[in-house]
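Asker: Quick one: this structure, given as structure tokens, is what I'll be asking you about.
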Amino acid sequence: MITRELAVTLRDAGLVWHPAEGDRFQLDLPEEVELEAEAETFTVSEMTIEARQTPSGTDLAFNGTTEWALDAVTLADAVWLPREDQLRDLLRGTFRALKRLDDTFRVEIEIAGVPLAFEHPNPSEAYGRALLELISRSH
């Protein structure tokens, strides 16, 4: 799983999330709202947390199974924590390889004919950093 910091950076860079079953997220509520649950990781599931389309966008509805009182939050109040496979899929045709080195993983991509490599001990984090570079170059 990528760090919350990288997830926020990806979101702020323009990564768009379309919630699906099994997606993980954390809350990102305004400072005046203090909830212990903000650091907790949630999973989208029809049984507990459901993505609902509303006239104003997408809400994440909590279906009464959590121990704290929260009916729903908007997508803007959530930080998506994409899985390794989702990050790789988002790299699309730029992805070239994932290599295991002695103490790290290297994700290799190619953007406009330029090979780039991103290393991190966590392969998800390496994928996330590669995706951040792709997003930043596409703006």
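Asker: R0 = 41 Å: FRET efficiency of Met47 with Ile135, Cβ-based, nearest 0.05?
Answerer: Working: r = 33 Å, r/R0 = 0.79.
For Met47 and Ile135, the calculated efficiency is 0.80.
Asker: Amide H neighbours of Arg96 under 5 Å, at least 5 residues apart or on other chains, H built in the peptide plane: list them.
Answerer: Glu108, Ile109, Glu110
Asker: Continuing with the same structure: Note the listed values [x] 28, 18, 14; [y] 22, 18, 16; [z] 31, 16, 13, then indicate which one is semi-axes √(5λ) of the Cα gyration tensor in Å calculated from this particular structure.
Answerer: Of the labelled values, this structure produces [z].
Asker: For the chain, what is the relative contact order in percent, using Cα pairs closer than 8 Å and at least 6 residues apart in sequence?
Answerer: 24
Just so you know, all these numbers are worked out from the coordinates, no wet-lab data involved. Just so we're clear, the structure is a prediction, and the values are computed from it rather than from any experiment. A quick note on method: Cβ atoms are made from the backbone with ideal geometry, for glycine too, and the neighbour counts reach across all protein chains shown.
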